[in-house]
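Heads up: the structure comes next, in structure tokens.
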């Protein structure tokens, strides 16, 4: 019996790209001789993605599952939800917008089946996108490499494949407000990279906004780096040095008669400086405390409303959660 690949596809605002996506998935299934299941995770999409998939999938020749989340939890929790229900021997993750070539999934699967690696990450060598999109992406991933994961490829990682052992280890990390990509590199294991050129988006607009990028970078920094603490220590040391210089200048100004009110300048400078430093310290410590508090709640990362399985025929089974 051939080992089966579970392909996880998070779906959010991808109504227009679904026909091309289903055709691409069918082509991959044919090339794998049917040894593939596809797990579509509809992440609270406000369009008709769930309705379209629930109608189309029963008539598709490939095996599939359809997971509907109760609301929009985000791409990474949706991917985890798909990995949890996947039943394959190997796993791969692909975006629904087809900006990553589907052939890359087959390449990852070949590497995993040959036991050359436990996890395979797709590395972008170029992007067929507008210059401002490329520039913002380069800046974002440069900061990510500098402050979070030095091993991160320059173009970042949007898709990956892994074996069951790595999948099980990844699902044990139930951190909230974290980064799935950073967790992949944190786990280690045998890792291999495959290169590709990201294609231009054919349908719709990306939901990966600047606000989401900033929030994602902040979550990654606080979850995987002590950078804020190190910045606080360096800032404190620099502040002490600066306060000494200011104090020296005030003494000189006082002795030369430039300052007439005794102690006024020194008091104002120190109050402002230490007040700002104290607020910064409270903010950083509060960020760590808030994340620890979130993890103590033990809330589920996602809540699934329906999980449907399609065997490639008209048979359909549904479990309501």
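Taking the stated definitions as given, is residue 234 surrounded by fewer than 16 Cβ atoms within 10 Å (Cβ to Cβ), assigned by TED's automatic domain parsing to the domain that holds residue 270 and modelled with pLDDT of 70 or more?
Yes; evaluated as a whole, the condition is true for this residue.
Within segment 84-99, how many residues turn out to be crowded, with 23+ Cβ neighbours inside 10 Å and not in a loop (DSSP other than H, G, I, E, B)?
Of the residues in segment 84-99, 4 are crowded, with 23+ Cβ neighbours inside 10 Å and not in a loop (DSSP other than H, G, I, E, B).
Do you know which of the residues in segment 34-49 that are in contact with a strand residue (DSSP E or B) (Cβ under 7 Å, 6 or more places away or on another chain) and farther than 16 Å from residue 97 by Cβ is surrounded by the most Cβ atoms within 10 Å (Cβ to Cβ)?
Within segment 34-49, the match that is surrounded by the most Cβ atoms within 10 Å (Cβ to Cβ) is 39.
Quick check on my filter: what residues within segment 7-22 are under 16 Å from residue 60 (Cβ atoms) and touching a helix residue (DSSP H, G or I) at 6+ places or on another chain (Cβ under 8 Å)?
The answer is 7, 9, 11, 18, 22.
Under 8 Å between Cβ atoms, at least 6 apart or on separate chains: pull out the pairs that start in segment 162-178 with a residue that is farther than 11 Å from residue 84 by Cα and not assigned by TED's automatic domain parsing to the domain that holds residue 92 and end on any residue that is loosely packed, with under 12 Cβ neighbours inside 10 Å and at pLDDT below 85.
none
Looking at this structure, is residue 296 more than 30 Å from residue 242 (Cβ to Cβ) and at pLDDT below 70?
No, not satisfied.
So how many residues does segment 100-122 have that are assigned to a loop (DSSP other than H, G, I, E, B), at pLDDT 90 or above and surrounded by 18 or more Cβ atoms within 10 Å (Cβ to Cβ)?
Here the count works out to 2.
Quick check on my filter: what residues within segment 11-33 are more than 14 Å from residue 48 (Cβ to Cβ) and not in a helix (DSSP H, G or I)?
32, 33
Check segment 59-80 and report whether any residue there is modelled with pLDDT under 90, more than 15 Å from the chain's Cα centre (by Cα), over 23 Å from residue 161 (Cβ atoms) and assigned to a helix (DSSP H, G or I).
Within segment 59-80, one or more residues are modelled with pLDDT under 90, more than 15 Å from the chain's Cα centre (by Cα), over 23 Å from residue 161 (Cβ atoms) and assigned to a helix (DSSP H, G or I).
Filter segment 255-268 down to the residues that are at pLDDT below 70 and assigned to a helix (DSSP H, G or I), then identify the one that is nearest to residue 172 (Cα to Cα).
268
Within the bounds of segment 178-189, is there any residue that is closer than 16 Å to residue 73 by Cβ and at pLDDT below 80?
Looking through segment 178-189, at least one residue is closer than 16 Å to residue 73 by Cβ and at pLDDT below 80.
The values are calculated or read from the model by the stated rules, or taken from the named source; none is laboratory data. Fair warning: this is a prediction, and the values are worked out from it, not measured in the lab. Ideal geometry is used to build each Cβ from the backbone, glycine not excepted, and the neighbour counts take in all protein chains shown.
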